[in-house]
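Only one structure is covered here, and it is reproduced in the block below.
Nothing in this text is a laboratory measurement; each read-out follows from the coordinates by a stated rule. Keep in mind that what you see is a predicted model, and the values were worked out from it rather than measured. Note: ideal-geometry Cβ built from the backbone for every residue, glycine included; neighbour counts use all protein chains shown.
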Amino acid sequence: MKQHQETLEIHTRGRGFVEFTDRLRAVVRAAGVQTGLVVVYCRHTSCSLLIQENADPSARRDMEHWLEKMAPENDPDYTHTAEGPDDMPSHLRSLVTKTSETIPVSGGEAVMGRWQGIFLAEHRARPHTRTLVIHVTGD
C-alpha cells in the first residue's frame, strides 16, 4: 500500500469559495495510487471544505447567501466576538459544513462527478492563507 501526503496553501480574497479541484487532481496523480482514497483536511475553524457544483457560479452565490442568512454578522446573541463581527458567524458556518472530504481514487484519478468541484469556503471577511493537508492512500 502506498501513502502520499502534501500540504496545499489556498489564498483567499475574503468571504467566498475558492475552487482547488485541479490542484487536488495533481496531488492524486503525483501519489501514483491507482485505487484508493484521498482525504482533504482543513486545519482551520473559520473556513471549510465543500464538494459542490462548479459549472454555474450562481449556485455558489446562492450557497454563500444561504450561509450568511443562517449565521449573520452582528447578532446580539453572540458572545464570541474577539476577532470582530465575522468571528462567530465564521465558526457557525464551519459548523454546518465540514473540515474534511474523502474522495475515491480510481485509475489514478480522483473520482468526482461531471459538475463537481472541491472548494475551500472562506467564512471570514478579510483575505487569509489557509492550509490543507492532502493524504492519498491505496495501491
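So the values come out like this:
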| quantity | calculated |
| --- | --- |
| Cα shape, the chain, gyration tensor, a/c 1.5 rule | prolate |
| Karplus 3J(HN,Hα) series, Hz, for the range 28-40 with 6.51 cos²θ - 1.76 cosθ + 1.60 (x for Gly, Pro) | 4, 4, 5, 5, x, 8, 8, 9, x, 9, 10, 10, 10 |
| Length-normalised contact order for the range 2-138 - Cα pairs under 8 Å, 6+ apart - percent | 55 percent |
| Separation of the T21 and S58 label points, Cα + 7 Å toward Cβ, nm | 1.9 nm |
| Estimated vicinal HN-Hα couplings, Hz - the range 124-132 in sequence order (Karplus 6.51, -1.76, 1.60; Gly, Pro = x) | 8, 6, 9, x, 9, 10, 10, 10, 10 |
| The range 16-54 and the range 69-139: distance between their alpha carbon centers, rounded to Å | 11 Å |
| Where labels lie 7 Å past Cα in the beta-carbon direction, separation of V96 and M1 in nm | 3.7 nm |
